[in-house]
Amino acid sequence: MKLLMAASEAAPYIKTGGLGDVTGALLKEFGKADIEAFLMLPLYRRIREKFPLSDTGHRMRIPVGSRRHEGRIFSHGDSLFFLECEEFFDRSELYGTPAGDYPDNPARFAFFARAVPEACAELGLRPDVIHCNDWQTALVPLYLKTLYDTPFFRETATVMTVHNLGYQGVFDGVLFSLTGLGPEWFTPEGIEFYGKINLLKAGLISADIITTVSETYAEEVMSAEFGFGLDGVLRKRAGDLYGVVNGIDTDEWDPATDPLIPARYDRRDLSGKGVCRKELVGECTLDRGEKNAPLVAMVGRLSAQKGIDIFLEAAEEVVSMGARIVVLGRGDEHFQERLIDLADRQKGSVFVKIGYDEAFAHRVYAGSDILLMPSLYEPCGLSQLIAMRYGTVPVARRTGGLADTIMDYAPLRDTGTGFLFRDYRAECLRECLNRAFCAYTAGPKWKKIRRAAMSRDSSWKASSMKYLDLYRIALGRKRREAE
């Protein structure tokens, strides 16, 4: 099988969040399994600055609306390709600045989606499966059924992964011409969406297989509550919709070998975690507090999706319960301001760092006792997987991938890897934290939960095999169609 992954970001080349982590780690796992896998990314400025690339000599002229844009294909090794268009991608950021998204994003990613099959043809790369990710590449499956319905791609199947249905690539309907599609596709059965265009919808109606990043989320997106207006489309494709839970790069995230933390440790010898905790408390200038006061962390995007509102509502009472809190992330400005104000009012008890610092994130995961994820919805989540690997016990809302990856602690059986609550309310979050704090004060019980969390297999091995099975299903369907 010859696999091509198309994405707008992938670690270690470029990433803004989970999408980059997932595509990079999955590609790495396929490499370990000797799968012939290729990757195509836009050639952003930051990639050019950080990595030595080779010009393949291949040129493209990609139509976007009434204009044609020059593109070149660069490579890094034999399987990594970067599609250049300086007008679209030679910028300081991937999708926009703090002032807002780039207004030409629909043109930028229409270019990239069309450049993927063009680059394949230029390179003579005939993939069996193209795995597309999120709205930035969602036009690719539809292009293969329309503009590129050619002998070259006749047996190429497509898989579309939705990492977060909240981001759909919805733009003004007048921009439909940028796609190059015929007017029959600007309809409710096509990519029209309440008078606008919806680029993610293109992939959902045309890909051979659709996946989301956890089994529970695959069910949730077919509901009105979590479908963001596309639940009807997804219900129609229910037979082609699968959930495959994410993994993490267990080489990068390993407390036994991590060079970015003060002391190494594993589930058999947790003494190093105590060193990491002490160093983190000092680095964040937190009061040491009571001997049995837990250190609670939040790491990630500061947005309504992540439950920042109910956390802020509960935070002062959580501090009054003796906890110390560390927050690392960036996101909506009003949440950032409220968190900074909380840290000012609760000096010594709350530390907030706005932005993302990779090395500091490692130290937070290693030094904290509890990771808080009170998400309104969570397609999969990576933070809880990393936290458990570092013996930091998650307290989370029972939704999406959090429900699939965290085993709620059952005191009668004395089993579990974390603590879950269901209703999206601050009082439910406080009650769940109180359960965790009670277990924390019972030392042997907490060590058992911690070791159980560290024993969970969060590697990509099992999930990558599930993807391979889905690729085979998609390819089998495509070949039957072509006969």
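Only a single item in (1) hydrophobic (A, V, I, L, M, F, W, C); (2) modelled with pLDDT of 95 or more; (3) in contact with a Leu (Cβ under 9 Å, 6 or more places away or on another chain) is not met by Ile248, and it is number (2).
Would you mind stating whether Ala297 is touching a residue at least 24 places away in the same chain (Cβ under 8 Å), surrounded by 17 or more Cβ atoms within 10 Å (Cβ to Cβ) and among the hydrophobic types (A, V, I, L, M, F, W, C)? Steps first, answer last, please.
Details: touching a residue at least 24 places away in the same chain (Cβ under 8 Å): yes; surrounded by 17 or more Cβ atoms within 10 Å (Cβ to Cβ): yes; among the hydrophobic types (A, V, I, L, M, F, W, C): yes.
Answer is yes for this residue.
Only residues that are over 25 Å from Glu481 (Cα atoms), out of contact with any Phe, Trp or Tyr (no Cβ under 6 Å at 6 or more places or on another chain) and touching a residue at least 60 places away in the same chain (Cβ under 8 Å) were counted across the range 199-228, and they come to 7.
Exactly one residue out of Lys201, Lys196 is touching a Leu at 6+ places or on another chain (Cβ under 7 Å) and of a type outside the set (A, V, I, L, M): that is Lys201. Selection of first residues in the range 61-85 that are over 16 Å from Asp104 (Cβ atoms) and of second residues that are of a type in the set (Ser, Thr, Tyr) and not in a loop (DSSP other than H, G, I, E, B), restricted to Cβ pairs under 6 Å at least 6 apart or on distinct chains, gives the following pairs, ordered by first then second residue: Ile73/Thr56; Ser75/Ser54; Ser75/Thr56; Phe81/Ser75.
Of all residues in the range 448-476, those being among the basic types (Lys, Arg), out of contact with any helix residue (DSSP H, G or I) (no Cβ under 9 Å at 6 or more places or on another chain) and modelled with pLDDT under 95 number 0.
Within the range 34-153, considering only strands (runs of 3 or more DSSP E) that don't extend past its boundaries, which have at least 2 residues that are more than 21 Å from the chain's Cα centre (by Cα)?
54-64, 67-75, 80-84
Return the residues of the range 15-57 that are of a type in the set (Val, Ile, Thr), closer than 19 Å to Arg108 by Cα and modelled with pLDDT under 95; say none if nothing qualifies.
The initial filter retains those residues of the range 15-57 that are of a type in the set (Val, Ile, Thr), namely 16, 22-23, 35, 47, 56.
Now narrow it down to the ones that are closer than 19 Å to Arg108 by Cα: 16, 47.
Within the range 15-57, just Thr16 meets the criteria.
Taking helices (runs of 4 or more DSSP H) as the structural unit, those lying wholly within the range 372-471 and holding at least 2 residues that are over 19 Å from the mean Cα position of the chain (by Cα) and charged (D, E, K, R) correspond to 426-441, 443-455.
If you go through the range 242-250 one residue at a time, do you hit one that is over 26 Å from Lys28 (Cα atoms) and out of contact with any strand residue (DSSP E or B) (no Cβ under 9 Å at 6 or more places or on another chain)? The answer is no, given that none of the residues of the range 242-250 is over 26 Å from Lys28 (Cα atoms) and out of contact with any strand residue (DSSP E or B) (no Cβ under 9 Å at 6 or more places or on another chain).
The residues of the range 300-320 that are surrounded by fewer than 23 Cβ atoms within 10 Å (Cβ to Cβ) and assigned to a loop (DSSP other than H, G, I, E, B) amount to a single one, Ser303.
The values are calculated or read from the model by the stated rules, or taken from the named source; none is laboratory data. Note that the structure is a prediction, hence the values are computed from the model and not measured. Glycine also receives a Cβ, built like all others from the backbone with ideal geometry; neighbour counts cover every protein chain displayed.
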